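Worksheet for the structure shown next.
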Amino acid sequence: MAYALRRFRTSDAPALVEPTLAAIRALGTQAYTSEQFAAWAARNTEPDRFVERVRDGADIIIATDSGNRPVAYALLKCDIRGAHLDMLYCHPDHARRGLAARPLAKAEERARNLALDRLFTEASELARPTFERAGYSVLNRRDFNIEHQGRGVPIHNYAMEKRLA
């Protein structure tokens with residue numbers, strides 16, 4: 001299948017929910033409890049958050065299938081402190097083809113073009129190997145709570161960075 005990269009369009013917002021939730025559903029239960037999985041998925045159901053993030057200065061790089069449907073994406077926010085890769089998702093039907101690496105590489109290119117010297121992310125247990133293959137190093141494990149159904153659900157991810165200079 002042929003894939004193309006492009007920038008986010010406001011009309012993409014509803015379509016980005018699908019690869020996000022599909023990836024969480026397909027992979028989340030492999031490394032997280034059902035309660036953690038439910039809390040994580042619940043945070044990712046609103047398409048408007050993509051539009052809000054872009055209005056706030058984020059850049060979303062989308063990989064589309066041959067029908068121009070988003071199947072993977074990276075959400076990048078750059079500022080004077082560096083570049084923060086806040087999201088990287090690939091629909092599981094398109095996984096294991098190196099597809100997630102394409103928007104990730106484009107995000108790194110954009111950060112380099114802004115003369116930023118590092119890219120930072122918080123990677124899930126399952127995304128950690130993808131980032132390590134791309135040259136990211138683990139800084140530390142982050143244990144925190146996600147509010148879900150009136151209580152904090154403990155979960156973890158990994159603070160990771162890649163030096164760009």
*Round to a whole angstrom and tell me the spacing of the C-alpha centers of region 97-139 and region 1-26.*
18 Å
*Could you tell me the accessible area of Tyr136 in Å² (1.4 Å probe, neighbours in place), rounded to the nearest ten?*
10 Å²
*Top mean-square fluctuation among Ala15, Ala101, Ala23, Gaussian network model of the chain, C-alpha springs under 10 Å?*
Ala15
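In region 9-127, what % of DSSP beta bridges are antiparallel (nearest 5)? Show your work: numbers first, answer last.
On the way: 14 of 17 bridges.
About 80 percent, rounded to the nearest 5.
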*With a 1.4 Å probe and all protein chains in place, put Arg43, Arg112 in order of accessible area, largest first.*
Arg43, Arg112
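Once every DSSP H run of n ≥ 4 in the chain is given -39500 (n - 2.57) and the sum is divided by its residues, what mean residue ellipticity at 222 nm do you get, rounded to the nearest 500 deg cm²/dmol?
-10000 deg cm²/dmol
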*asked:* With a 1.4 Å probe and all protein chains kept in place, how much accessible area does Lys106 have, in Å² rounded to the nearest 10?
replied: 60 Å²
*When percent of Cα pairs over 21 Å apart is calculated directly from the model, which label among (1) 55; (2) 46; (3) 41 fits?*
(2)
*Name the most mobile residue of Ala100, Ala74, Ala115, meaning the one with the largest mean-square fluctuation, in a Gaussian network model of the chain with Cα contacts below 10 Å.*
Ala115
*What residue among Leu21, Leu119, Leu139 has the largest mean-square fluctuation in a Gaussian network model of the chain, using Cα springs under 10 Å?*
Leu139
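Please grab the % of Cα pairs in region 1-41 that end up more than 15 Å from each other. Provide the component values of the computation, followed by the final result.
Values: 451 of 820 pairs.
Result: 55 percent of Cα pairs exceed 15 Å.
Which order do His94, His84 take when ranked by solvent-accessible area (1.4 Å probe, heavy atoms of all protein chains), largest first? Spell out each step's value before the answer.
On the way: His94 25, His84 50 Å².
Sorted by accessible area, descending: His84, His94.
Summing +1 for each Lys or Arg and -1 for each Asp or Glu, what net charge is found among the other residues whose Cβ lies under 11 Å from the Cβ of Gly82? Each step should come with its number before you reach the end.
Values: positive: Lys77, Arg81, Arg118, Lys162, Arg163; negative: Asp79, Asp117, Glu161.
Result for the neighbourhood of Gly82: +2.
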*asked:* Suppose the chain between Val17 and Arg163 were pulled fully straight at 0.36 nm per residue; how much longer would it get relative to their current alpha carbon spacing?
replied: 49.6 nm
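The values are calculated or read from the model by the stated rules, or taken from the named source; none is laboratory data. Fair warning: this is a prediction, and the values are worked out from it, not measured in the lab. Note: ideal-geometry Cβ built from the backbone for every residue, glycine included; neighbour counts use all protein chains shown. All accessible areas refer to the heavy atoms of the entire protein, side chains included, with ligands and DNA or RNA removed. Shrake-Rupley method; radii C 1.70, N 1.55, O 1.52, S 1.80 Å.
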